[in-house]
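Submitted below is the structure of interest, expressed as structure tokens.
Quick note: the coordinates plus some simple rules give every number you see, no bench work behind them. This structure is a prediction, so every number in the text was calculated from the model and none was measured. Please note: Cβ atoms are built from the backbone with ideal geometry, for glycine as well, and neighbour counts cover all protein chains shown.
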Amino acid sequence: MIDFKEAAFLENPYPALAELRVPNRPVWNEELGMFLAATHADANAVLRAKTLGRIFQPKHPENEWQEFNWLHADSILDSEPPKHTRLRSLVSKAFNRGKIESLRPLVERLANELADGCAEKLNNDGRFDIIADFAEPLPVKVIAAMLGFPTEDEHLLRPWSQSIVKMYEVSPSEQDRNAAKLAAHEFAEYVHALMQQRKTNPTDDLITDLVQVEEAGERLNAQELIATCVLLLNAGHEASVNGFGNGVVAALERDDQARLLREHPRGVAETAVDEFLRFDAPLHLFERTATAETEIGGVVIAAGQKIAALLGSANRDAAVFDRADEMDLTRDPNPHVGFGAGIHFCIGAPLARMEMSVSLPVLFERVPKLILESDPIRRPTFVLRGYERVYACE
Ligand code: HEM
């Protein structure tokens with residue numbers, strides 16, 4: 001039985017996840033009260049099953065949690081058809097490949113500015129933090145620019161998101177719960193006020209588009225609008241920061257892969273991004289609830305029962321990947337499930353891939369002798385896996 005709180009597991013969950021794949025079928029986990037689908041085939045089947053839905057069930061139904069609850073219940077991620085189809089079609093237009101390509105010059109400029117800042121810190125202090133100085137500000141600034149979130153308040157986004165996502169971990173503490181409740185309240189109020197402004201003073205941004213949008217004669221209601229914006233603002237950076245950090249650290253810890261990044265950063269950037277997400281996934285566990293009896297890998301999931309897809313585990317499945325436990329930045333094809341599968345497949349995948357594949361070579365070209373200055377510091381969490389600080393030097 002996995003101990004999700006054990007320090008050794010949180011440091012390196014992959015040996016325990018490999019054991020979970022051995023039975024080759026979903027395994028019941030008493031602590032989480034759900035089946036865990038750990039193989040690539042089972043995780044994929046969970047994500048694609050029409051009778052396994054993302055159904056938000058409030059852990060705290062009390063009044064003071066109402067904002068946290070509807071921020072989830074009314075978002076795309078926690079809706080199922082037909083509501084999901086309606087919300088997703090409204091948002092997906094903003095994230096199609098053409099729109100994302102038009103953002104490339106902005107991403108290039110931001111990545112260069114941030115890399116300048118890193119080089120300057122290196123000169124002055126002898127080190128910089130890959131997370132705080134590079135990986136984090138880039139996607140935060142890009143998603144804020146897309147939605148039209150005021151630049152002067154961008155610094156609020158990561159702390160709000162960080163507080164909210166602690167609720168997705170196994171047994172959050174009292175302190176975490178209070179912080180999540182407060183962050184949901186502040187975030188919802190802020191976005192609500194911003195939408196009111198855009199209604200009266202429309203600008204050229206996604207919040208204005210959403211406020212104005214009318215599809216099939218049906219406007220999004222206020223809660224759906226706020227929940228959608230909050231989801232985009234959170235999803236728009238959280239996994240990208242961690243995916244970039246996890247991948248760069250793993251590559252720097254392996255001489256051959258570090259050399260590839262130092263010597264051919266542009267040549268490997270595209271495949272490196274997918275290998276980053278496969279090798280040390282930033283998102284590990286996504287739950288579903290059965291709306292009807294469903295069979296996954298020979299196991300029957302009764303209506304009302306829960307099952308989770310373990311993405312990071314699926315991505316290490318030797319049945320699908322050669323040398324699954326080795327990082328190979330040139331791996332191609334790379335059918336990882338880091339962006340999910342099925343109807344909830346990540347809307348932001350083209351954006352995340354573009355941001356990471358543009359910024360990775362920029363960083364390594366600016367600081368070609370990049371090495372880790374000290375042991376990177378991991379956050380002690382499983383569902384969202386990432387580093388708190390990664391000091392680098394030359
Ligand atoms: C490396 C970065 C990213 C990773 C690994 C990632 C991963 C995922 C995964 C696994 C899902 C599916 C969850 C499920 O099936 O339950 C998802 C959904 C989603 N992601 Fe991402 N994501 C990333 C970046 C982004 C970005 C940049 C955005 C931009 C706004 C974004 C927006 C969304 C949205 C809106 C959904 C919900 C889609 C739906 O329910 O139909 N993500 N993401």
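For the stretch 164-241, go through all pairs of different Cα atoms, get the mean of 1/r, take its inverse, and jot down that Kirkwood value in Å.
14.0 Å
Less than 19 Å apart at the alpha-carbon level, and either on another chain or at least 8 residues along: which lysines does that give for Lys369?
Lys121
Which three numbers, in whole Å and largest first, are the semi-axes of the equivalent ellipsoid of the stretch 46-131 derived from its Cα gyration tensor as √(5λ)?
Rounded to whole Å, the semi-axes are 39, 22, 12.
What's the local net charge at Gln57, with K and R +1, D and E -1, over the other residues with C-beta under 11 Å away?
+1
On to the next question. 222 nm [θ] for the chain, helices only, -39500 (n - 2.57) per DSSP H run of 4+, per residue, to 500?
-15500 deg cm²/dmol
What does the charge add up to near Ala115, with Lys and Arg as +1, Asp and Glu as -1, over the other residues with Cβ less than 12 Å from its Cβ?
-3
In terms of the Cα gyration tensor, with a ≥ b ≥ c the square roots of its eigenvalues, is the stretch 78-179 rounded because a/c is under 1.5, prolate because a/b exceeds b/c, or oblate?
oblate
Using only the Cα atoms of the stretch 230-283, build the gyration tensor, take square roots of its eigenvalues as a ≥ b ≥ c, and label the shape rounded, prolate or oblate: rounded if a/c is under 1.5, else prolate if a/b is larger than b/c, else oblate.
Judged from the Cα gyration tensor, the stretch 230-283 comes out prolate (a/c at least 1.5, a/b above b/c).
Right, next: Restricting to Cα pairs below 8 Å that are 6+ residues apart, what does the relative contact order work out to for the stretch 7-393? Please round to a whole percent.
Normalised by residue count, the contact order of the stretch 7-393 is 28 percent.
Enter the Cα centre distance for the pair the stretch 293-368 and the stretch 80-122, rounded to the nearest angstrom.
Answer, in whole Å: 19.
Moving on to the next point. Dimensions of the stretch 7-393 along principal axes (Cα, Å, largest first)?
58, 53, 41
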